[in-house]
1. Around H42, what is the net charge, scoring Lys/Arg as +1 and Asp/Glu as -1 over all other residues with Cβ under 13 Å from its Cβ?
2. Give the relative contact order (percent, whole number) for region 56-183; include only Cα pairs under 8 Å separated by 6+ residues.
3. Along each of its three principal axes, how wide is the spread of alpha-carbon positions in region 103-176, in whole angstrom units, largest first?
4. Obtain the radius of gyration and the Kirkwood radius of the chain from its C-alpha atoms and give Rg over Rh.
5. Hydropathy at least 0.5 by Kyte-Doolittle, axial extent at least 20 angstrom from the Cα trace: which helices of the chain, defined as entire DSSP H runs, fit?
6. Counting only C-alpha contacts under 8 Å and six or more residues apart, can you give the relative contact order of region 1-103 as a whole percent?
7. Are there trypsin sites (Lys or Arg not before Pro) in region 81-183 that DSSP marks as loop and that have at most 16 other Cβ atoms within 10 Å, and which are they?
8. Which number do you get for Rg(Cα) / (2.2 N^0.38 Å) in region 47-135?
Amino acid sequence: MRAATHRVYYALWPDAEARASIAAAAAPLVAAVGGRAVLAEHLHLTLAFIGAVAPAVVGALARLGTAIAWPVATLRFGRVEWWRSSGALVLLADDPPAALGDARDELLARLAAHGIAADTRPFRAHVTIARNVASPPPAHAVALEWTARQVALVESQPAPGSSSYRPLALWEAHGAGAGFHVI
Ligand code: 3AM
């Protein structure tokens, strides 16, 4: 019998307040284009998509995430884009903090060193707010700020209609580029 696999990715994981803010910013945009709104409890910002892994690998992925000094990242979203090929409607972060890109690069390097393949396409920091969108959104101003303080290793589980996402491990961020505080 084939062992069950886990479909996983690393992401910035919003707290309840941030989820509510992102969902409120997304609502008029999604209403304008149709498609399937991403549920507030599923909103996230993907850092690295891994895909299906064996249960034994999940522990290694959790240890890798623990080894990284994740920075608190303040993200400003001023643009909405429709990605035609995937049918996704996304909020794009204008100028993500360099420390976040550095931490992501470190994660990718550690994954590669462990022989774990990740999606290494250039980082476009975004939050997907709707799927199955068939047409571009009308011009619409977006002004959203999110200070992300948690990073998660998330499991994506297929469910009727859409996937459900569940954090398997969660890390607190510790300030720009530092895993400790100098007192
Ligand atoms: O963060 P978003 O919602 O943009 O589209 C999937 C989702 O992106 C993406 O990983 C996130 C969590 O599921 N994804 C799914 N399959 C993928 C793949 N093969 C993928 N990203 C890259 N390669």
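1. Computed value for this residue: +2.
2. Contact order relative to length: 35 percent.
3. 43, 35, 23
4. 0.97
5. 16-33
6. Reported as a whole number, the value is 28 percent.
7. Qualifying residues, ordered by number: R84, R124.
8. Region 47-135 yields a ratio of 1.23.
Taken together, the values in this text are just the output of simple stated rules run on the coordinates, not laboratory data. Since this is a predicted model, take the numbers as computed values, not measurements. Don't worry about glycine lacking a Cβ; one is built from the backbone with ideal geometry, like all the others, and counts go over all protein chains shown.
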